[in-house]
Every structure is written in structure tokens, then in C-alpha cells.
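Asks: Shown below is the structure under consideration.
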């Protein structure tokens, strides 16, 4: 069996694609899997780390505010389709699965034109543009949320399968994860991150809230892991230093640094940190929500308002409605409200336990398996 997996731009599209590829490889060890992305996307780094070969094509997103710029976008997409066709003719896949992002569009469009079976996975409660454009020609649209089903009225089939995460999240042991990074059982571990690219508002408010949070930890029983995003790392390193907060790098922490705040530009081993945390502060991207719920972690989710149809709010609300997280919208976000929510959960272990159980109940730990089974069911002659 030969399979092309495509999707990219941010971790929210890439990591589900890798999780699906991992499950395909587990169920079909002899399968040949090729990833198709762009050189500019984060997949250029993430996919080789996951052990899969990658080919690159050109792609670009449409500019809704400056329509005149879309002439260049169309030209780029046509170039991408030519490159996609060459890859299809050379690799000859049995099917193509896309997980969103504009890089998936040329690959799926050409595959459908060539009569190669295609599938798409939509991670969010509200569907992305790229996925909606190719849904009619797919064998099946695989969605994470029931609310997304109605967003694909032209699709021949829609199945709710959850969001896939790496197997390491499903099998992670909290105590083992903490031991691996040197966090003692009696330490409170706070993990804050803003997504694969970082988040300015989370950085601004968390850095301002941190002095108050740490002031409540006179016994030095809190460890803070804070990922700023690469573009914000230097700026917020200087800001914390200016506030008198000493930090160390992740490697320095592993080497035994006594500093309580571990400052990182990015978290490459999220499956080693998130399951170890007592409390998570994050955005509410679909992948983040899936990883937090599968890991059964208490969290304060701060949805980004700068996304299509405010879909992060609905991602978080689906969990908050089950008491699986605290939902804090940006319009009510400041250093005081954030510190209050964090300290409330810091000081109430029973509340955290209930939230952890509720988060776990929302999760779909076998999502990758459900996705692969759905694909197999729509390819009876390709098993």
C-alpha cells in the first residue's frame, strides 16, 4: 500500500497528520508513506523528525482583505498542482489523506481529478476553507466534533472520529514523565504555551501575572515551564529578567538548574511535558484540546479570537461545558484575571481532580485508529 499524507502550515495540521501516518504504519507495516508539504511550513522540520520522507510543492492562502493579491495566489496554486501531479504520477498512491492547510488543496484537487481516492480530516468545530473546497470529491470527511458535520453538506460521507494525537500521549505515565524531567511529586508543575507559533496576548498577560503567582510559592514548590514561541523568546526572556525572575533553559533544567522558571522557545517533546503538568495554560487549538483531554490535565484555555469563525472558542466550550477546563476569553483577560484562575486551581487540588476526570471523559484516545478504520471501510478493494 502506498499513501500520501498532506497538510501543513502549523502544528495543528501537521501533528494530526503524523498521528494518522503512525497508525497507518502500525496497522500496515509494509505501507509506503510519503508526506507532501511546503518548504516554508513547519512540516519541513516536524515531519523528518517523525521519520517520514517529505516532498515539497508550492501553495499559498487566499487573502480575504486584499482580493487583488489573490491573482498571485492562483498562480502559486496552479504551480503547486503541476508539482502535485508529478508526485502522484511518480509515487502512484492508493489514496491521499489531507489534514488541512492550503498545502493540502493542490494535492487533493489533483488526486481527485486523477480519480485517486481522497479523504480529509477536519480538526476544528468550524471547518477550514481548504477542506470545504475539496469535500465534495472525497470518499469520506472525517471530523473531530459533531458540530462540524453540518459544515460539509456536499460530502458523500461524514464521520465523527475525534482528533488524533501521538500514541505517546495515550500511553504516557504522569509519574514517569515527572521523574524524567526532575519534577518532584510534591512540586506543582505549571505549563504555559501559546501554540506552535506563540501567542502575543498569552505572553503579555502570563509574564505580567507570573510575579504574583510566584509570590504565593514561598516554599519554592512550584516549577513553571513557559514556552513563548520562537519569535517572542528573546523579548520575554528580557522582560522576565527585568522583573527579577530568574530563568533557565530546558537543557539547564535537565542538568540540575535550581531556577523555578524554565523558559523555552518551543516544546518539541510535548508528550513528555504535558502529561506531567498539574495545570496547563494554553490556546484552544484543536490539537491542543485533544492532547490536554487525552492526557487528562486541568487547564485554563484562552481561545484565540483571531481565527476563522472563532472556532477555538467552540473547541474550548465543548470541554468547558463538561467542566473539563476553565474557559477565559481574551476580552476578559488581564494579568489579574489570569493569576486568579491559576491560583484558584493551584490551591484547590480537589477541583483539579474533578477537572482532570472531566477532561479525560471528553477525549477520544483511539481517534487515529477510528480514522484508519474509516479509511479502510471506504477502500474495500484496497485492503
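Bear in mind these aren't lab numbers, they're just calculated from the coordinates by the rules spelled out. Quick caveat: nothing in here was measured; it's all calculated off a predicted structure. Cβ: placed from backbone, ideal geometry, glycine included. Neighbour counts: every protein chain shown.
Asks: Based on the mean of other Cβ atoms within 10 Å per residue, sort peptides 221-229, 238-246 so the most packed one is first.
Replies: Working: 221-229: 21.9, 238-246: 13.1.
In decreasing order of mean packing, 221-229, 238-246 become 221-229, 238-246.
Asks: So, in Å, what gap is there between the alpha-carbon centers of segment 246-302 and segment 21-51?
Replies: Taking the Cα centre of each part, segment 246-302 and segment 21-51 sit 24 Å apart.
Asks: If you don't mind, there's one more thing I want to ask. To make sure I understand, if each residue's beta carbon is the centre and we count other beta carbons within 10 Å, what order do 321, 278, 186 fall in, fewest to most? Spell out each step's value before the answer.
Replies: Numbers: 321 12, 278 21, 186 7.
Ordered from fewest to most neighbouring Cβ atoms within 10 Å, 321, 278, 186 come out as 186, 321, 278.
Asks: With bins 10 Å wide starting at 0, give me the P(r) of segment 37-166 over every alpha carbon pair, in whole percents.
Replies: Going out from 0 Å in 10 Å bins, segment 37-166 shows 13, 40, 38, 9, 0 percent.
Asks: Follow-up. Indicate, rounded to the nearest 5 percent, the antiparallel portion of the DSSP beta bridges found entirely in the chain. Walk me through the numbers before you get to the answer.
Replies: Working: 0 of 42 bridges.
The antiparallel fraction comes to roughly 0 percent.
Asks: Separate question: In whole percent, what relative contact order does the chain give with Cα contacts below 8 Å and a gap of six or more residues? Can you show the working numbers first?
Replies: Numbers: 777 pairs, mean separation 58.0, N = 383.
Reported relative contact order: 15 percent.
Asks: Helix-derived [θ] at 222 nm for the chain: sum -39500 (n - 2.57) over DSSP H runs of at least 4, divide by residue count, nearest 500? Before the final figure, lay out the partial values.
Replies: Details: 16 runs with 168 residues, N = 383.
Mean residue ellipticity at 222 nm (helix-derived): -13000 deg cm²/dmol.
Asks: Rank the residues 261, 96 as a footprinting-exposure proxy: fewest other Cβ atoms within 10 Å of their Cβ go first. Intermediate results must be reported in sequence, preceding the final value.
Replies: Values: 261 18, 96 27.
Neighbour counts put them in this order, fewest first: 261, 96.
Asks: Counting DSSP beta bridges with both partners in segment 169-362, what percentage is antiparallel, nearest 5?
Replies: Rounded to the nearest five, the antiparallel share is 0 percent.
Asks: If one takes the longest principal axis of the Cα atoms in the chain, at what angle in degrees, from 0 to 90 and to the nearest 10, does the Cα axis of helix 367-377 lie?
Replies: Computed tilt is about 10 degrees.
Asks: Something else: Sorted from largest down, give the three principal axis spans of the alpha carbons of the chain, whole angstrom values.
Replies: Sorted from largest, the Cα extents of the chain read 65, 44, 39 Å.
Asks: Classify segment 177-244 from the C-alpha gyration tensor, please: rounded if a/c falls under 1.5, else prolate or oblate depending on whether a/b exceeds b/c. Present the calculation step by step, with values, prior to reporting the outcome.
Replies: Numbers: a/c = 2.27, a/b = 1.37, b/c = 1.66.
Since a/c reaches 1.5 but b/c is at least a/b, the shape of segment 177-244 is classed as oblate.
Asks: Let me ask something else. Using a basic spin-label model with each label point 7 Å from the Cα along Cα→Cβ, how many nm lie between residue 366 and residue 216?
Replies: Between residue 366 and residue 216, the label points sit 4.0 nm apart.
Asks: Between residue 241 and residue 310, what is 0.36 nm times their sequence separation minus the Cα-Cα distance? Round to one decimal in nm.
Replies: Details: separation 69, 0.36 × 69 = 24.84 nm, distance 3.45 nm.
Using 0.36 nm per residue and subtracting the Cα-Cα distance, I get 21.4 nm.
Asks: If I take every Cα pair under 8 Å that is 6 or more residues apart in segment 169-362, average their sequence separation and divide by the length, what percent do I get for the relative contact order?
Replies: Numbers: 342 pairs, mean separation 45.6, N = 194.
Relative CO of segment 169-362 lands at 24 percent.
Asks: Sorting 87, 371 on the 10 Å Cβ count, fewest up front, what's the list? Write out the running numbers ahead of the final one.
Replies: Values: 87 21, 371 27.
Least crowded to most crowded, the residues run 87, 371.
Asks: Please give the contour-minus-distance gain from residue 90 to residue 348: 0.36 nm per residue of separation, less the Cα-Cα distance, rounded to one decimal in nm. Please report the intermediate quantities before stating the final value.
Replies: Working: separation 258, 0.36 × 258 = 92.88 nm, distance 5.84 nm.
Taking residue 90 through residue 348 to full extension adds about 87.0 nm, to one decimal.
Asks: Tell me whether segment 169-362 comes out rounded, prolate or oblate; compute the Cα gyration tensor, take square roots of the eigenvalues as a ≥ b ≥ c, and use a/c under 1.5 as the rounded threshold.
Replies: Details: a/c = 1.42, a/b = 1.16, b/c = 1.22.
Note, shape of segment 169-362 comes out rounded.
Asks: A further question on this structure: Between 0 and 90 degrees, rounded to the nearest ten: what's the tilt of helix 286-295 against the longest Cα principal axis of the chain?
Replies: That helix lies at roughly 60 degrees to the long axis.
Asks: Relative to the longest principal axis of the chain, what angle (0 to 90°, nearest 10) does the C-alpha long axis of helix 11-27 take?
Replies: Approximately 70 degrees, to the nearest ten.
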